[in-house]
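Below: the structure, in structure tokens.
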Amino acid sequence: MSVQTYEVIFRIRRYSPEKGSYWQEYKLTVDRFTQFTEALRRIKTEQDPSLAYRASCHMAVCGSCGMKINGEPRLACKTLVSGIINKYGSNVITIEPMDYFPVIKDLIVDWEDFYTRMFKVKPRLYPAKEVLEGKGEHRLKPEDQRRLWKFAQCIWCGLCVSVCPVIREDPEFLGPAAHAKGYRFLTDPRDTITDERFKILSDSAWRCTYCYHCFSVCPRDIEPVTAIKKTRALTKYVKEPTNVTFNGVKHSEAIAGSIKTTGKIMESLVYLQTYGLSRSLKDLIFIAKAGRGGSLISSILEEKPVKNVSEIKKLFEG
């Protein structure tokens with residue numbers, strides 16, 4: 001039985017310090033089992049040895065082959081060429097380096113900033129002194145293992161970071177991968193630097209906008225945004241919260257209170273409870289001077305509770 005084959009044109013965005021960025025096309029015949037790492041290997045060995053890319057394990061474990069395929073961040077080893085052809089209905093496929101990361105050559109990007117953020121969360125277990133001295137052991141209960149296991153699966157591929165809009169603008173945000181790895185140890189009962197981890201993670205967690213891009217591109221279904229949500233839920237225990245953490249907790253509580261009492265998010269009420277009367281008045285004056293105060297005030301005055309608020313209160317009580 002013959003295996004179906006495809007004639008494919010790979011449009012690869014290449015880069016070198018001498019030439020800058022440019023597109024180059026390669027034609028290749030593949031079958032329905034061909035992964036993108038295999039296609040790139042054949043291009044490099046059969047057509048152009050100057051093509052540069054990273055790949056190692058070829059089984060979605062090392063995380064080194066992250067790139068954009070038809071505009072989507074993917075692991076090349078986990079993606080079949082035939083799958084992309086069928087999805088987009090075209091034999092012309094584009095391959096580019098991941099966004100956000102500085103490009104070194106072709107599909108190879110610079111990981112320095114990524115690793116800096118990852119190592120800030122101290123991504124290893126800090127056991128008790130007696131365990132290190134061989135005088136005891138740490139046992140992990142099944143329920144604790146289930147809680148942290150998902151977040152332990154991060155392979156540091158950087159796909160989530162490449163699509164994160166916050167990390168591009170906010171140097172204080174650690175990024176989705178760092179939060180997934182940080183929460184994995186934060187929730188581990190064997191760790192001995194829990195308070196220190198809280199201080200590292202809590203402020204950054206409130207800088208996330210919940211766009212869920214990291215959720216959609218993770219090749220291991222880790223859900224970094226869930227780790228951020230869980231970290232936010234714990235930040236009330238931080239002894240010395242920053243302004244960002246403090247306002248974040250108040251904002252979350254104000255939203256819950258607004259829904260409970262009015263049945264919806266009443267923006268004026270939430271803003272007032274989050275930042276206080278003095279800050280709210282200052283911001284309102286600033287907006288008014290900018291010529292947008294009229295529409296804002298009218299929208300505030302039109303805010304009214306929903307009908308049957310009592311039914312919503314029952315959800316909170318139940």
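The values are calculated or read from the model by the stated rules, or taken from the named source; none is laboratory data. Here the structure is a predicted model, which is why all the values come from computation and not from measurement. We place every Cβ from the backbone using ideal geometry, glycine too, and count neighbours over all the protein chains shown.
Values for this structure:
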| item | result |
| --- | --- |
| Residue in region 20-27 that is within 23 Å of the chain's Cα centre (by Cα) and part of a strand (DSSP E or B) present | no |
| Criterion (of a type in the set (Ser, Thr, Tyr), under 17 Å from residue 105 (Cα atoms), touching a residue at least 12 places away in the same chain (Cβ under 8 Å) and in contact with a strand residue (DSSP E or B) (Cβ under 9 Å, 6 or more places away or on another chain)) met by exactly one of 26, 15 | 15 |
| Any hit, region 13-36, residues being closer than 30 Å to residue 174 by Cα, crowded, with 17+ Cβ neighbours inside 10 Å, outside the structural domain of residue 163 (by TED's automatic domain parsing) and basic (Lys, Arg) | yes |
| Test for residue 41: is it farther than 26 Å from residue 226 by Cβ and part of a loop (DSSP other than H, G, I, E, B) | no |
| Residue check, residue 257 touching a Phe, Trp or Tyr at 6+ places or on another chain (Cβ under 6 Å) and modelled with pLDDT under 90 | no |
| Wholly enclosed helices (runs of 4 or more DSSP H) of region 102-184 bearing at least 3 residues touching a Cys at 6+ places or on another chain (Cβ under 9 Å) and among the aliphatic types (A, V, I, L, M) | 159-163 |
| Complete set of residues in region 95-107 that are more than 27 Å from residue 205 (Cα to Cα), out of contact with any Leu (no Cβ under 9 Å at 6 or more places or on another chain) and either crowded, with 18+ Cβ neighbours inside 10 Å or not assigned by TED's automatic domain parsing to the domain that holds residue 43 (or both) | 103 |
| Cβ-Cβ under 7 Å pairs, at least 6 apart or on other chains, region 193-206 side in contact (Cβ under 8 Å) with a residue 24 or more places away in the chain, far side part of a helix (DSSP H, G or I) and among the charged types (D, E, K, R) | 200/120; 205/232; 206/232 |
